[in-house]
Amino acid sequence: MAQTHDATRIALITGANQGIGYAVAQRLAADGMRVLVNGRRVDALTEAVRTLTAAGAEAFAFPADVSSEAAVSAMFDQISARFGRLDVVVNNAGIAPRIGGRSARVEDTPFEYWERTLAVNLTGAFLVSRAALALMKPARWGRIINMSSQSGRMYTGFGSAYYAASKAGLIGFSRVLAGEVGEHGITVNCVSPGRIKTAMAASFADETGVDQQYIVRTPVRRVGHTGDVAAAVSFLASEAASFITGSVIDVTGGFFMP
Ligand SMILES: NC(=O)c1ccc[n+]([C@@H]2O[C@H](COP(=O)([O-])OP(=O)(O)OC[C@H]3O[C@@H](n4cnc5c(N)ncnc54)[C@H](OP(=O)(O)O)[C@@H]3O)[C@@H](O)[C@H]2O)c1
């Protein structure tokens, strides 16, 4: 399908100094957008922006912890002052803490794992989306894309309850927000990846074993690449997706089929 993008558009991608977020930044830059690259580690952000820029992108670093209301507010003050607009937000920043390389069962879950995972994965998306609306509504155009997970869609046998709760929560959050802002030309959708080869996927103690379990249960017989996810985000961010809101695009190779 041909996709069109306004060349002047600006996209903020949270958690984009590596992994899926970085691939999304690459893809949206290739689509002609200016990309604002977020994450906490400034050295990794600087390197990501350097590589994107060397490849011809217009990329800018915006370090912030998305779970902090004050930090998100300060980041948006900077975005407003420098660009005065924001067209696309990809709430991708996420964590999946494990104990000894394994997802903790509920009865073994330290409270701080629960609290921190929800704070980054779910509260972060709320804080960034809330701030972005102030820039999107006057323009009467916007795209908010939230990075859920197959763990928020089904019982996988791989993940933890705290991670699943955060990712399922994102879907409910997106649905209500989509209902609130559709009349302003803003769409809100989720992308729900399956197993994608990144640092997060490699944090399982038995990484190869988890890959194999995934592959035998997946119709396309492979794990995913970051580019698979970036392609879905690119579509949702495009003009072509203007009639899609409150939806979830599953990028799982068929591991999850509703
Ligand atoms: N990989 C998979 O198989 C998979 C599957 C389904 C869904 N997902 C989701 O896809 C997203 C990206 O995952 P990934 O595999 O690319 O993970 P990753 O390689 O671990 O990258 C996570 C990114 O999030 C950033 N981040 C973490 N905490 C943050 C915070 N508080 N504020 C701002 N940025 C923060 C990290 O940068 P800093 O450390 O510098 O902050 C990093 O850039 C996550 O939401 C994840 O849950 C991944």
Using the Karplus equation 6.51 cos²θ - 1.76 cosθ + 1.60 (θ = phi - 60°), what ³J(HN,Hα) coupling, rounded to whole Hz, does each residue of segment 227-240 give in order, writing x for Gly and Pro? x, 4, 6, 4, 5, 5, 5, 4, 5, 5, 7, 8, 4, 4
Each residue of segment 69-80 in turn: what ³J(HN,Hα) in whole Hz from Karplus with 6.51, -1.76, 1.60 and θ = phi - 60°, glycine and Pro shown as x? 4, 5, 5, 5, 4, 5, 4, 6, 4, 5, 4, 4
Residues meeting the amide H criterion for Ala61 (H placed from the backbone, H to H distance under 5 Å, 5 or more places apart or on another chain) are Val37
Pair Ser73, Arg105: separation of 7 Å Cα→Cβ label points (nm): 4.3
Specify whether the C-alpha gyration tensor of segment 1-146 places it in the rounded, prolate or oblate class, a ≥ b ≥ c being the square roots of the eigenvalues: rounded for a/c under 1.5, otherwise prolate if a/b is larger than b/c and oblate if not. prolate
Using alpha carbons only, how many angstrom separate the centre of segment 102-178 from the centre of segment 218-258? 17
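Helix-only estimate, please: 222 nm mean residue ellipticity of the chain, summing -39500 (n - 2.57) across DSSP H runs of length 4 or more and dividing by its residues, to the nearest 500.
Details: 8 runs with 106 residues, N = 258.
So the helix-based figure for the chain works out to -13000 deg cm²/dmol.
Could you tell me the calculated FRET efficiency between Arg130 and Thr53, based on Cβ-Cβ distance and R0 = 35 angstrom, to the nearest 0.05? Write out the running numbers ahead of the final one.
Details: r = 30 Å, r/R0 = 0.85.
After rounding to 0.05, the efficiency reads 0.75.
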Rounded to 0.05, the calculated FRET efficiency for the beta carbons of Arg221 and Ala199 at R₀ = 25 Å is 0.60
What's the FRET efficiency of Glu115 with Ala240 using the Cβ-Cβ distance as r and R₀ = 41 Å, to the nearest 0.05? 0.55
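What does the extension gain come out to for Asp206 and Arg98, with contour length at 0.36 nm per residue minus their alpha carbon separation? Before the final figure, lay out the partial values.
On the way: separation 108, 0.36 × 108 = 38.88 nm, distance 1.22 nm.
Between Asp206 and Arg98, full extension yields 37.7 nm more.
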Please list 3J(HN,Hα) in residue order for segment 197-210, calculated via the Karplus relation 6.51 cos²θ - 1.76 cosθ + 1.60 where θ = phi - 60°; whole Hz, with x for glycine and proline. 6, 9, 4, 5, 5, 7, 7, 6, 4, 9, 4, 5, x, 5
Return the whole-Å distance between the Cα centroid of segment 193-212 and the Cα centroid of segment 75-89. 34
Bridge type composition, the chain - antiparallel percent by DSSP, nearest 5: 5
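The numbers here are math on the coordinates, done by the rules we state, and not lab data. Bear in mind the structure is a predicted one, so any value in this text is a computation, not a measurement. With ideal geometry, Cβ positions are generated from the backbone for all residues, glycine too; neighbour counts draw on all protein chains shown.
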